[in-house]
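Comments concern the structure below.
Laboratory data are not the source of any read-out in this text; all were calculated from the coordinates shown. Since we're looking at a predicted model, the values are computed, not measured. Note that each Cβ is placed from the backbone with ideal geometry, even for glycine, and that neighbours are counted across all protein chains shown.
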């Protein structure tokens, strides 16, 4: 008799424990970012934005709280993989988030699949990433989105001949390909496609070659810090004076450093999904709160991606009643749409990638005397053109 | 065409200023200083801080970068480097590469990892049209400064008492001491000169090459290529090597952009096959 009672009691405890595990009190989010090394600014922006979201929405979820732990992967893929593995296996992280660069996201994708945890990509932007695991959801952007939009706009707006200048790595090649596709489909001519080595100390010879081709515009895609060097040299080489426009994706005129670039940046036209100067009440509130919490640092496109990533996590958990298991969570996030500081966005239910408006912007001085990307045209509801079969 | 030639020369000159300090320490003092790039980075960051935070004009920043990095060089030489003169080259390499990593981490901590930008004064910007080619004014400025440096350095080392003492101290330190030459002070001064030149190169290079904490690693390979190809027995060697490599690099990237990044290495391999000791070496020691 006593034996039976004990067994029943044990079974009861086990059931309770299982129940507790189903609707965890604390959902652990491991935010894996490059916080040191050459890509530290990416990590800093996303981390600050995610924490801001957490501060603003603490206690919003009924039944669980979200715990955010930032982990530094130094921008090195094998470190990302190791950290992701440790987080899932040893620390019991329920959701992986962050991922500053494509190789870092690719390194962590198998962990998300095998560990059956959702992975929210807040930065890395090559098209293929979301195809590498069924548990990946992206809240940033894809490079082809921005490049394709630029190509479409350029062809329609009196630019006939372009030289492309991209850094020779996966995102650069993506940008070159999709810009050229859209631009040529619109009747434009790409006179020359220049690929610059990633570690390139001097752009002079490439820019001279671009100048000799006498194009209407140069399309530039380089990692964000390098963009300012290119702009300076474009101006110094007399390309601007010769009437050659500088166009590109918004990485080149990153809000984080734009104001330090000085007058050489003025007039640069870029296609992108976020500008700190975006005119909406949501964005005004976001920029103000972000600056206040971070010593007046201006949020850039990574910040808004991190902020929206946290929103996706919160809303996903709300829908699943705090169940962070990959199957339920990813299902809940698919098709979700909301108004972000950048405008209306949605998660494509088929690809789990982001659908958003791409804005065409020009660098101008704002009312406060600082340089901003001022939006003047837009291409709404743009899906990733690579996956849409364009 | 003229523009390419000109850009190549300017780039080569800049390489020379950055690398000649290494040629001085390596060739004259027989010390492998891989941390050379860290001094160049120091000069660059000094310029950035002086210009952007304190509003010092650019032309004053150049001598300041030279003097301050030279001063830092002396301090480090007296406290750290002096202990390694007698050690093997491997020890020197390990020690100085450690310094490089420390410098990178320190700069990252204090200045952040982003690219640093400076705005050149208006009279150094823009282009001149000469003989049908356009020439960047800043690049002309670089060529003028570097050209002057080459002349001064070469004359200084071959014609002055300082130069002959230095060469004596390098070849036979004991005998030199016996003759009353203060070898320690001489080396300290030489090291300061080398570091100062790196600092100056870094300051000149901010606008052309960019500046971030990985600078010493990014350019270490270029310094080493220049010194290897040029040989370290005189300054003319690295000078000619810098020009050849600068021109080859720029022309390669212009005419065959797909292959451009490898040009500098191809040239190094080709030159070293023909002249394994470098272009101007005295032969093996």
Of the candidates B:216, B:238, B:121, which one comes out as most mobile in a Gaussian network treatment of chain B with C-alpha springs shorter than 10 Å? B:121
Round to a whole angstrom and tell me the spacing of the C-alpha centers of the stretch A:53-94 and the stretch B:218-281. 48 Å
Rank the residues A:131, A:362 as a footprinting-exposure proxy: fewest other Cβ atoms within 10 Å of their Cβ go first. A:131, A:362
Suppose R0 equals 41 Å; then what is the FRET efficiency for residue B:185 and residue B:52 from their Cβ-Cβ distance, rounded to the nearest 0.05? 0.70
Report the residues of the stretch A:103-124 in range of a label on residue A:89: point 7 Å along Cα→C-beta, backbone N strictly under 13 Å from it. A:111-112, A:114-115
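How would A:228, A:305 line up from fewest to most surrounding beta-carbon atoms within 10 angstrom?
Result, fewest neighbours first: A:228, A:305.
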Equivalent ellipsoid semi-axes - Cα gyration tensor, the stretch B:2-215, angstrom: 32, 22, 14
Mean-square fluctuation check for chain B, GNM, Cα pairs under 10 Å: which of B:230, B:21, B:136 is largest? B:136
By how many degrees, 0 to 90 and rounded to 10, does the Cα axis of helix A:2-22 deviate from the longest principal axis of chain A? 10 degrees
Put one equal scatterer on each alpha carbon of the stretch B:63-108, apply the Debye formula with no solvent term, and list log10 I(q)/I(0) at q = 0.17, 0.31 1/Å to two decimals. -0.59, -1.06
For the stretch A:295-381: relative contact order, % (alpha-carbon pairs under 8 angstrom, 6 or more apart): 16 percent
Log10 I(q)/I(0) at q = 0.13, 0.19, 0.31 Å⁻¹ for the stretch B:211-264, from Debye over equal alpha-carbon scatterers, is -0.37, -0.72, -1.04
Distance in nm between residue A:76 and residue B:2 label points, each 7 Å along Cα→Cβ, equals 5.0 nm
Of the convex hull enclosing the alpha-carbon atoms of the protein assembly as shown, the direction-averaged projected area in nm² is 36.0 nm²
For Cα pairs less than 8 Å apart in space and 6+ apart in sequence, what is the mean separation divided by the residue count of chain B, i.e. the relative contact order in percent? 38 percent
Per-residue mean of other chain beta-carbon atoms within 10 angstrom of the beta-carbon, peptide B:107-115? 5
Quote the Stokes-Einstein diffusion coefficient, in whole µm² s⁻¹, for the stretch A:224-382, based on the Kirkwood radius over alpha carbon pairs, a temperature of 37 °C and a viscosity of 0.692 mPa s. 193 µm²/s
Cα axis of helix A:227-236 to longest principal axis of chain A: angle in degrees, 0 to 90, nearest 10? 10 degrees
The stretch A:183-270: Cα Rg divided by the 2.2 N^0.38 Å rule of thumb: 1.04
Three-way shape call for the stretch B:167-285 based on the alpha-carbon gyration tensor, with the a/c threshold at 1.5: oblate
Please work out how much length the chain gains when fully extended from residue A:199 to residue A:368, using 0.36 nm per residue of separation minus the C-alpha to C-alpha distance, in nm with one decimal. 57.3 nm
Starting from 0 in steps of 10 Å, tell me what percent of the Cα-Cα pairs of the stretch B:1-71 lands in each bin. 19, 38, 31, 13, 0
Where does the stretch A:66-215 land on the Kirkwood hydrodynamic radius, alpha-carbon pairs, in angstrom? 17.3 Å
For B:249-259, mean number of other protein chain Cβ atoms within 10 Å: 4
Over the alpha-carbon set of the stretch A:310-363, divide Rg by the Kirkwood Rh and report the Rg/Rh ratio to two decimals. 1.08
Using 7 Å Cα-to-Cβ label points, what is the residue A:242/residue B:75 separation (nm, one decimal)? 4.7 nm
What value, in deg cm²/dmol to 500, does the helix sum -39500 (n - 2.57) over DSSP H runs of n ≥ 4 give at 222 nm once divided by the residues of chain A? -13000 deg cm²/dmol
Calculated P(r) tail over 38 Å for chain A, as whole % of Cα pairs: 21 percent
Out of B:207, B:249, B:182, any idea which swings most in a Gaussian network model of chain B, alpha carbons joined below 10 Å? B:182
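What is chain A's relative contact order, in percent, from Cα pairs under 8 angstrom and six or more apart in sequence?
17 percent
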Going by alpha carbons, how many degrees (0 to 90, nearest 10) lie between the helix axis of A:143-156 and the longest principal axis of chain A? 30 degrees
So if we plug the beta-carbon distance of residue B:85 and residue B:275 into 1/(1 + (r/R0)^6) with R0 = 30 Å, what FRET efficiency do we get, rounded to 0.05? 0.55
Rounded to the nearest 500, what is the 222 nm mean residue ellipticity of chain B from helices alone, with -39500 (n - 2.57) per DSSP H run of 4+ residues and division by all residues? -24000 deg cm²/dmol
